[in-house]
Amino acid sequence: MFVLETKELTYTYGAGTPFEKTAVDQVSVGVEKGEFLGVIGHTGSGKSTLIQTLNGLLRPTSGTVLLNGKDIWAEPKKIRAVRFQVGMVFQYPEHQLFEETVLKDICFGPGNMGLSRPEAEARARRAAEFVGLGEELLNKSPFELSGGQKRRAAIAGVIAMDPDVLVLDEPTAGLDPRGRDTLLNQISEYRKKRGSTVVLVSHSMEDIARCADRVLVMDGGRAVMLDRTDRVFARGRELETMGLRVPQITSILLTLREKGYPVHPVLTVDQAVEELRPLLKKEGGVRHDP
């Protein structure tokens, strides 16, 4: 059984007005328990609207969202509980930091769940450790942190609620390469240790290729692909027609394949080396000057 599933999900902005626009159109997808699902699509493809329906921030115009097999809108008064189970991290979440200290900010979510202060603080400290925030930072104002530290503090605030599903919308936006790599490593490590399901929306094909087990491709409000990551990126030319750029190393291998070389598209440089090694040997290897 899927931990999260949408059935014929449609969301229309401004329904019944001259500005009516269908952002998500008849989408039926399932997210497996414990998996890392990447969601990609060009601007306006519907991906951000889709993920906001997953924890009830937006109520579908039609169709259903199922959490552990149950319609999340079956009892509208209990939708708040759904948001504790499906934690949402928005783009630039550090803009939502507001408490006096980092620890208090991370405690905000658990406190809203009704946990006692000691329980909330215990969760906050565990979450801070997950995202790599040292104990020495917890009593500082969140506004004294660096950009990357603020991002991690904001994500820790969601992790501290111990959600079954962690949904992240462009979590690495605006970070430098080192900060991006650090954050993705920490999210992946959290998922492994906690056994949580992660849904990651990103414009970075490299980020998705590196982390995701499967990839959902949105285009024009519809789910046009949902498959294993390597299989999706193997259809790189189709993705390019949708305005998406596959990882650079994948594009190189696709070009070689189109030129007749017996190679398969891959996702990382290490995979490319293994894929090209037999070809280089067959061609006589690489000459090394003394």
* Asked: Would a scan of the stretch 43-56 turn up a residue that is of a type in the set (Lys, Arg) and within 30 Å of Thr241 (Cβ to Cβ)?
  -> yes
* **Selection within the stretch 26-53 - touching a strand residue (DSSP E or B) at 6+ places or on another chain (Cβ under 9 Å), farther than 25 Å from Glu189 by Cα and surrounded by fewer than 18 Cβ atoms within 10 Å (Cβ to Cβ)** => Gln26, Ser28, His42, Gly44
* Asked: Looking only at the stretch 210-235, which residues are under 18 Å from Val263 (Cβ atoms) and touching a residue at least 24 places away in the same chain (Cβ under 8 Å)?
  -> Thr229, Asp230, Phe233, Ala234
* Members of the stretch 114-152 found to be among the hydrophobic types (A, V, I, L, M, F, W, C) and either surrounded by 16 or more Cβ atoms within 10 Å (Cβ to Cβ) or closer than 18 Å to Glu94 by Cα (or both), listed by number -> Leu115, Ala120, Ala124, Ala127, Ala128, Phe130, Val131, Leu133, Leu137, Leu138, Phe143, Leu145
* Asked: Is there a residue being within 30 Å of Val246 (Cβ to Cβ) and in a helix (DSSP H, G or I) anywhere in the stretch 168-177?
  -> yes
* **Scan of the stretch 174-223 for residues that are surrounded by fewer than 16 Cβ atoms within 10 Å (Cβ to Cβ) and either at positive phi or of a type in the set (A, V, I, L, M) (or both), ordered by number** => Gly174, Gly195, Gly220
* Of the conditions (1) more than 15 Å from Ser45 (Cα to Cα); (2) touching a residue at least 12 places away in the same chain (Cβ under 8 Å), Arg277 fails just one. Which one is it? -> (2)
* Sort out for me the helices (runs of 4 or more DSSP H) sitting completely within the stretch 194-290 that have 1 or more residues that are over 15 Å from the mean Cα position of the chain (by Cα) and modelled with pLDDT of 85 or more. => 229-233, 236-241, 248-258, 269-282
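The values are calculated or read from the model by the stated rules, or taken from the named source; none is laboratory data. Values in this document were obtained by computation on a predicted structure and should not be read as measured data. We place every Cβ from the backbone using ideal geometry, glycine too, and count neighbours over all the protein chains shown.
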